[in-house]
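Working notes for the structure below.
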Amino acid sequence: MTGKPVLLTVDDDPSVSRAVARDLRRRYGEDYRVVRADSGPQALDALKEIRLRGDRVAALLADYRMPQMNGIEFLEEAMDLFPRARRALLTAYADTDAAIQAINVVDVDHYLLKPWDPPEEKLYPVVDGLLELWRSTDDRPVEETKVVGHRWSPRSHEVRDFLTRNSVPYRWYTADSPEGLRLLDAAGVDAAAVPLVITADGEPLSAPSDEVLARRVGLSTTPASDFYDLVIVGGGPAGLGAAVYGGSEGLRTVLVERRATGGQAGQSSRIENYLGFPDGVSGGQLTERARRQALKFGAEMLTARVVSGLEVRGPARVVKFSDGSEIAAHTVLLATGVSYRRLEADGVDGLTGRGVFYGSAAVEAPASEGQHVYIVGGANSAGQAAVYFSRYADRVTLLVRGDSLERSMSHYLIEQLRAIENVSVRTSVMVEACQGDGHLERVRLRDVSSDKSEEVEAGFVFVFIGAAPLTDWLDGVVARDPAGFVLAGPDLLVDGRRPAGWPLDRDPLYLETSVPGVFAAGDVRSQSVKRVASAVGEGAMAVSLIHRYLEKQ
Ligand SMILES: Cc1cc2nc3c(=O)[nH]c(=O)nc-3n(C[C@H](O)[C@H](O)[C@H](O)COP(=O)(O)OP(=O)(O)OC[C@H]3O[C@@H](n4cnc5c(N)ncnc54)[C@H](O)[C@@H]3O)c2cc1C
């Protein structure tokens, strides 16, 4: 990590790209790191790495006419990763359509005509302007959040994962690096206190809880009011969809999320089947845009708050937090999705966060370089993770318990995996044990058809198996199916009879649960389709049903 802010230039003509990079280095190389790319996707990959390393990007210079992804499309996606980076578009000739689009879509700061010779006259004044703008708007304090931790400390991993998934830029230092030691010393603590987080204004926090961390890095954790029209529990696609529609339609809406908005979708490296994104979109980008959209419409978002109870108090629906506090509303939407099942194998619990991870754990990607990564699971989420890690790891093996992938994974993904050289798929195999001294070193696999076991060396195991709704807290309040999924609408009727205790003279509305005014949407709903699009759709639909409920009150 150089620590210098980045100037990134992307042009599909390698000679032009080299020339821009050379001119930029000559003038700005001392204070900025110049990164060049030959295509939009390559530049986005570079930006993601920069982001993971916690470095900052000062300016982006993109060629307009590039195959695959044009300069405006690139800048639009890049803005999701580095909203404060200044933007310039390069074209070979005056192209007014591109200029208008660039101004409307990506709020471009400058429009540069190629060639820019001599740079002293045509390039440097523009870049000087970009950098001056960046320096005046760069939110340095937030950018300077630092995390000092151990490579194999589960809580260090969780803190980094929390910051990454909440789009909070930070720098990561291992506790034994010179800078890590210096920071520990400055905070007056030893390595046992990690993870140590040093906030923007220099406050050291030793092993902070998610809630303390959220508050100190500027995420909202306390509701602004004690009564709302709608409380949404869960900030995945269903909850975000409802927040956008609730906010935009004038409902006083608050969304409560226990970890990071985005839910499962936020962990997806590439969603290729969501309407309107023919080239795919990373789950993080999609859900970060949705979060901004919901905020724009006035919905409130609380992060790092766990909802642990629901109570009916007359016409009010009361949502209780794990710390004992509560908020009330006319209506509640349950959008709590599902979580991964634990891997049942010897030694797993002790190595979770030390080489064994649930979900794709994007923060670990750079560390998997040169390693053999095992991915457990046969569904799309596991397939996407295999594609993603194949870019970093030496080898990736997908471990599938069933005898083929065809039944559990989309065809497009199976084809993609087949085309990647360093990915292999093993079917009829299960993980029997995970072993290692302080961190994962070996995995014992069992072939379920021959019943033979073997031990293999492994640096990382990422688990993507099954999905369980975490709904125990609704016990005795809201009716659920035997697997814990929330029953709603027609699924509540047995032989046409309404659920026990149902107080109204009408059937439950389509997404309404056994408690009038409490709705369910997305993966947590019994019989729902487990997809991003259907979760978003149900979130939107729930708001329209909520209007109907409120009108009748
Ligand atoms: C890696 C991966 C890749 C995927 N890829 C695709 C894909 O390509 N295409 C596709 O269509 N689908 C994909 N899926 C499935 C898709 O992401 C889910 O169907 C979708 O996210 C469900 O949305 P949801 O809002 O219902 O629930 P979730 O996304 O599960 O979100 C629920 C949220 O509620 C929060 N929560 C839970 N309990 C509480 C509580 N008590 N208090 C506060 N907050 C709580 C959770 O932290 C979570 O953020 C993928 C899933 C994964 C894991």
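If you go through the range 208-216 one residue at a time, do you hit one that is modelled with pLDDT of 90 or more, closer than 24 Å to Ala367 by Cβ, not in a helix (DSSP H, G or I) and not β-branched (Val, Ile, Thr)?
Initially, the range 208-216 is screened for residues modelled with pLDDT of 90 or more, giving 208-216.
With the extra rule that they be closer than 24 Å to Ala367 by Cβ, the set shrinks to 208, 210, 213.
Now narrow it down to the ones that are not in a helix (DSSP H, G or I): 208.
Of the ones still in play, those that are also not β-branched (Val, Ile, Thr) are 208.
Yes, there is a match, as at least one residue in the range 208-216 is modelled with pLDDT of 90 or more, closer than 24 Å to Ala367 by Cβ, not in a helix (DSSP H, G or I) and not β-branched (Val, Ile, Thr).
For the range 322-354, the tally of residues that are more than 30 Å from Leu52 (Cα to Cα), of a type in the set (D, E, K, R) and more than 15 Å from the ligand (Cβ to nearest atom) stands at 2.
I'm trying to understand the selection: among the residues of the range 278-309, which are under 16 Å from Ala533 (Cβ atoms) and of a type in the set (Val, Ile, Thr)? Result: Val281, Thr287. Here Leu413 fulfils each of the conditions (1) at pLDDT below 95; (2) closer than 16 Å to Val463 by Cβ apart from (2).
Screening Gly501, Gly466, Gly436 for residues that are at pLDDT below 95 and over 21 Å from Val529 (Cα atoms) leaves exactly one candidate, Gly501.
Inspection of the range 472-489 identifies no residue that is within 30 Å of Val363 (Cα to Cα) and modelled with pLDDT under 95.
Would you check which residues across the range 300-321 are away from the ligand (no atom under 11 Å from the Cβ), touching a Leu at 6+ places or on another chain (Cβ under 9 Å) and free of Cβ contacts under 8 Å to residues at least 60 places away in the same chain and list them? Quick ask: steps written out before the conclusion?
Looking only at the range 300-321, we keep the residues that are away from the ligand (no atom under 11 Å from the Cβ), and these are 300-301, 311-318.
This time we only want the ones that are touching a Leu at 6+ places or on another chain (Cβ under 9 Å), so: 300-301, 317-318.
Hit for the range 300-321 is Val318, nothing else.
A search for C-beta distances below 9 Å between a residue of the range 349-360 that is touching a residue at least 24 places away in the same chain (Cβ under 8 Å) and closer than 11 Å to Ala385 by Cβ and any residue that is part of a helix (DSSP H, G or I) and among the aliphatic types (A, V, I, L, M), counting only pairs 6+ apart in sequence or on different chains, returns Gly359/Ala385; Ser360/Ala385.
The condition of being within 13 Å of the ligand (Cβ to nearest atom), among the acidic types (Asp, Glu) and either crowded, with 19+ Cβ neighbours inside 10 Å or touching a residue at least 60 places away in the same chain (Cβ under 8 Å) (or both) holds for only one of Glu538, Glu512, that being Glu538.
Only residues that are surrounded by fewer than 23 Cβ atoms within 10 Å (Cβ to Cβ) and within 19 Å of Ala299 (Cα to Cα): list them for the range 258-284, please. Within the range 258-284, Arg258, Arg259 qualify.
For Val431, state whether it is farther than 24 Å from Ile271 by Cβ and buried (at least 21 other Cβ atoms within 10 Å of the Cβ). Answer is yes for this residue. Going by what's in this entry, would Val456 be described as modelled with pLDDT of 95 or more, in contact with a Cys (Cβ under 6 Å, 6 or more places away or on another chain) and not polar (S, T, N, Q)? No; evaluated as a whole, the condition is false for this residue. Remark: Val6 matches the filter, which requires a residue to be at pLDDT 95 or above and touching an Asp or Glu at 6+ places or on another chain (Cβ under 8 Å).
Once the range 355-364 is narrowed to residues that are near the ligand (Cβ under 10 Å from one of its atoms) and assigned to a loop (DSSP other than H, G, I, E, B), the residue that is surrounded by the fewest Cβ atoms within 10 Å (Cβ to Cβ) is Gly359. Taking the criterion of being more than 6 Å from the ligand (Cβ to nearest atom) and not in a strand (DSSP E or B), the residues of the range 241-259 that qualify are Gly241, Ala242, Ala243, Val244, Tyr245, Gly246, Gly247, Ser248, Glu249, Gly250, Leu251, Arg252. Whether a residue is assigned to a helix (DSSP H, G or I) and either among the aliphatic types (A, V, I, L, M) or crowded, with 19+ Cβ neighbours inside 10 Å (or both) was assessed, and Tyr374 does not pass this test. Is it fair to say Leu351 is of a type in the set (A, V, I, L, M, F, W, C) and within 30 Å of Leu163 (Cβ to Cβ)? In short, yes. Of the residues Ala458, Ala433, Ala479, Ala467, the single one that is touching a residue at least 12 places away in the same chain (Cβ under 8 Å), touching a Phe, Trp or Tyr at 6+ places or on another chain (Cβ under 7 Å) and more than 15 Å from the ligand (Cβ to nearest atom) is Ala458.
The values are calculated or read from the model by the stated rules, or taken from the named source; none is laboratory data. Note that the structure is predicted; figures quoted are calculated from it, not measured. Counting neighbours? That spans all protein chains shown, and the Cβs are built from the backbone with ideal geometry, glycine included.
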